[in-house]
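Structure first, commentary second.
The values are calculated or read from the model by the stated rules, or taken from the named source; none is laboratory data. Model, not experiment: these values are computed from the prediction. Backbone-built Cβ (ideal geometry, glycine too); neighbour counts: all protein chains shown. With ligands, DNA and RNA removed, areas are computed over all heavy atoms of the protein, side chains included. Shrake-Rupley method; radii C 1.70, N 1.55, O 1.52, S 1.80 Å.
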Amino acid sequence: MSRKNRVPLADRVARAAEAALAARHFVSAIDVLVGIGWLDPGAVERWRRGQIDCLEEVVQIDAPRISEAIRLFGSWATARGLLPSPTAYVGRTPDRPTLRFSRSGNPAIENSYRTHWISPELSEKKRARLADTASRAPELVVIQPLKPEWVCHRCGGSGDLLMMETPGPACLRCVGLDDLTYLPAGDALRTRRAKSKSSRHAVVVRFSRTRRRYERQGLLVESQALADAQQET
């Protein structure tokens with residue numbers, strides 16, 4: 001595309017933000033960066049799993065342009081009368097670290113990323129529900145490996161399940177989840193009951209070569225929670 005025909009960044013930001021707002025009644029900086037094509041959703045997931053130190057490392061544009069897009073997004077949201085909602089971003093790892101967005105770690109920059117903008121057309125109750133859901137810690141995810149010959153980067157062991165970390169795969173004992181019991185998918189009622197009774201849980205997924213995506217296989221829950229759920233069914 002020639003420079004003459006190039007769509008201004010402000011217009012691209014506005015279109016991406018409008019699309020996200022229409023779909024979910026709120027919009028975030030991540031929505032905008034993904035929407036304008038600078039950020040891959042897969043990279044966002046790796047960041048949430050602690051495999052990337054800060055989000056800006058995987059934004060496919062230089063720092064000044066990122067700052068410009070975030071500034072334009074904030075101006076657009078303010079002009080639209082959207083309501084700011086500070087949102088917690090914690091990692092999808094057992095220690096639940098606070099995720100970092102910027103290379104600098106500047107608090108003002110971090111806050112600009114963490115602020116979600118919510119439609120004022122929603123009731124106060126619905127806005128509160130959206131804010132609570134957005135700040136909720138994401139579910140832990142463990143993987144059923146396709147190949148059994150993997151090695152834990154921490155202890156050198158192996159197992160039927162693993163959790164991916166930045167240096168490589170880790171066994172459940174090393175990440176502190178080896179006391180949980182596997183509940184295969186298939187009984188939705190029992191799964192819901194066990195999950196609600198367990199103070200800790202993790203989703204088990206396996207990569208499908210045919211569909212080229214990870215698919216849910218079951219849940220890891222506390223043994224007592226599973227026993228209590230089975231008594232109720």
Note to self: How far apart, in nanometres, would the label points at W150 and R24 be if each is projected 7 angstrom from Cα along the Cα-to-Cβ direction?
What the structure shows: 2.7
Next item on the list: Starting from the amide H of V90, placed 1.01 Å from N in the peptide plane, find each other amide H under 5 Å away whose residue is 5 or more places distant or on another chain.
Entry: L99
Margin query: Check which residues have an amide H placed less than 5 Å from Y214's amide H, if you skip close sequence neighbours.
Written below: S208
Check: What net charge do the residues around S119 carry, taking every other residue with its C-beta under 15 Å from that of S119, with Lys and Arg at +1 and Asp and Glu at -1?
Finding: +2
Margin query: Under 10 °C and 1.306 mPa s, how fast does segment 1-80 diffuse according to Stokes-Einstein, given a Kirkwood radius computed over C-alpha pairs? Answer in µm²/s, whole number.
Written below: 120
Notebook entry, point to check: What are the semi-axes of the equivalent ellipsoid for the chain, taken as the square roots of 5 times the Cα gyration tensor eigenvalues, largest first, in whole Å?
Noted result: 36, 23, 16
Notebook entry, point to check: Which number gives the lysine pairs in the chain that have C-alpha atoms under 29 Å apart and are eight or more places apart or on different chains?
Noted result: 5
Margin query: Could you give each residue of segment 108-116 its phi-based ³J(HN,Hα) in whole Hz, using Karplus coefficients 6.51, -1.76, 1.60 with θ = phi - 60°, and x for Gly or Pro?
Written below: 5, 5, 4, 5, 5, 6, 6, 7, 8
Notebook entry, point to check: Among E124, E68, E222, whose mean-square fluctuation peaks in a Gaussian network model of the chain (Cα, cutoff 10 Å)?
Noted result: E124
Next item on the list: Take the alpha-carbon centre of segment 58-125, take the same for segment 162-193, and report the distance between them in whole Å.
Entry: 30
Item checked: Mean separation of Cα contacts under 8 Å, 6 or more apart, over the residue count of segment 40-114: relative contact order % -> 37
Item checked: Any cysteine of the chain lacking a neighbouring Cys Cβ under 4.7 Å - listed by number -> C54, C155, C174
Checklist line | Mean separation of Cα contacts under 8 Å, 6 or more apart, over the residue count of segment 81-233: relative contact order % | finding: 19
Margin query: Can you give me the orientation-averaged projected area of the convex hull built on the Cα atoms of segment 138-233, in nm²?
Written below: 6.7
Check: Any idea of the accessible area per residue across segment 66-135, 1.4 Å probe, to the nearest Å²?
Finding: 55
Next item on the list: Report the label-to-label distance for S75 and N106 in nanometres (one decimal), using points 7 Å from each Cα along the Cα→Cβ vector.
Entry: 1.7
Margin query: To check you understand DSSP bridge types, tell me what percent of the beta bridges within segment 100-233 (both residues inside) are antiparallel, rounded to 5.
Written below: 75
